[in-house]
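What follows is a set of notes on a single structure, which appears directly below.
Throughout, read-outs are computed from the coordinates displayed, never taken from laboratory work. Just so we're clear, the structure is a prediction, and the values are computed from it rather than from any experiment. Using ideal geometry, Cβ is built from the backbone for each residue, glycine included, and neighbour counts are taken over all protein chains shown.
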Amino acid sequence: MPEKISARQSTSRKALFEQALLAEKKGDFKTALEKYKMALQIDQNFFDAWLNAGAIYTRQGKSDKAIVCYERALVSKNDVRAHYNLAVEFYKKGNYTGAQKELRSVLRLDSRYLNAHILLGYVFGKLGQNDKSEISIKNALKVEPQNTQAQTALALLYFHTNRPELALRQINLLLARNPEDRILLDLSAKISLSGGNLRQAAAGFKKIAARDTELKKFYTSLREQVPQETKKNIRHKRESIENKEKRTAKEMLDLSLLQFFDGDPTQAFETLERLSSALENLKKKKEKY
């Protein structure tokens, strides 16, 4: 049985906890941890202090210390938050069996805990149990049918289990709500590329390039690494192909690569789209005859 604390200790514990919360709100995690530890010296079974201290360690990337706090919190109280936080830490460390055990504990306490269903789907995916992963993600969607995170997880599962049509259907539903989503645009372009649809893939990658500032930085950095003499050769070859009235498919592909390395990725993708379109039209003409 946990030891009872006096009224004076209870007041002191509460005051320290409130001071810790205030420090945490200000971003002063060092002081917050000190106050939580002082409160725990008064009452070692103070669940909220263990839980909050663990959350600070999680934020700081100190996974081992976070795990100790969450496990100690569970000694004080069997609570979904501590089980779930512990599962997240185990997942990050690659302990998928431990994560699965904690998530099952969460769902025994609350069968509608959305994030537990989603994370369990990812855990099963890591364990190669794709059927169970799909069940878990669909269970999350039963709780909240329009949940973006669960729908994205389902799209990823379809993609990784070679069901591109189902993946694209799911992605298009999500893109209708959030057309700027970088992950979804990237996934859609990859599916198009794997299916041999170069035109659609190029269009998708072009959208990503237009929206992704980090990608733009990458292109700039890539161009800066090209030696000056090589840049001149690239520019000369690019211009020589661009000045031709008619170009072969190989020249169009070469032109796309030259434009890319000349620091013009948007134009490169447009050239690739035109090439793909021309090849598709040629294929249709051959099929007619």
Checklist outcome for this item: Residue-ordered couplings for segment 134-143, obtained by feeding phi - 60° into the Karplus form 6.51 cos²θ - 1.76 cosθ + 1.60 and rounding to whole Hz (Gly and Pro as x), are 5, 4, 5, 5, 5, 5, 4, 6, 5, 6
Item to check | In sequence order, calculated HN-Hα J values of segment 43-58 (Karplus, 6.51, -1.76, 1.60; Hz; x Gly/Pro) | outcome: 9, 5, 9, 7, 3, 4, 5, 4, 4, 5, 5, x, 5, 5, 4, 4
Item to check | FRET E, pair E229, L175, Förster distance 45 Å, beta-carbon r, rounded to 0.05 | outcome: 0.55
Checklist outcome for this item: Gyration tensor on Cα atoms of segment 7-126, a ≥ b ≥ c root eigenvalues, a/c under 1.5 rounded, else prolate if a/b beats b/c, else oblate, says prolate
Checklist entry - Within the set K30/K65; K37/K101; K92/K138; K190/K244; K25/K62, which residue pairs have Cα atoms separated by over 26 Å? => result K37/K101; K190/K244
Checklist outcome for this item: Exposure-ranked with fewest Cβ neighbours within 10 Å first, F124, F47 stand as F47, F124
Item to check | Per residue convex hull volume, Cα atoms of segment 103-168, in Å³ | outcome: 68
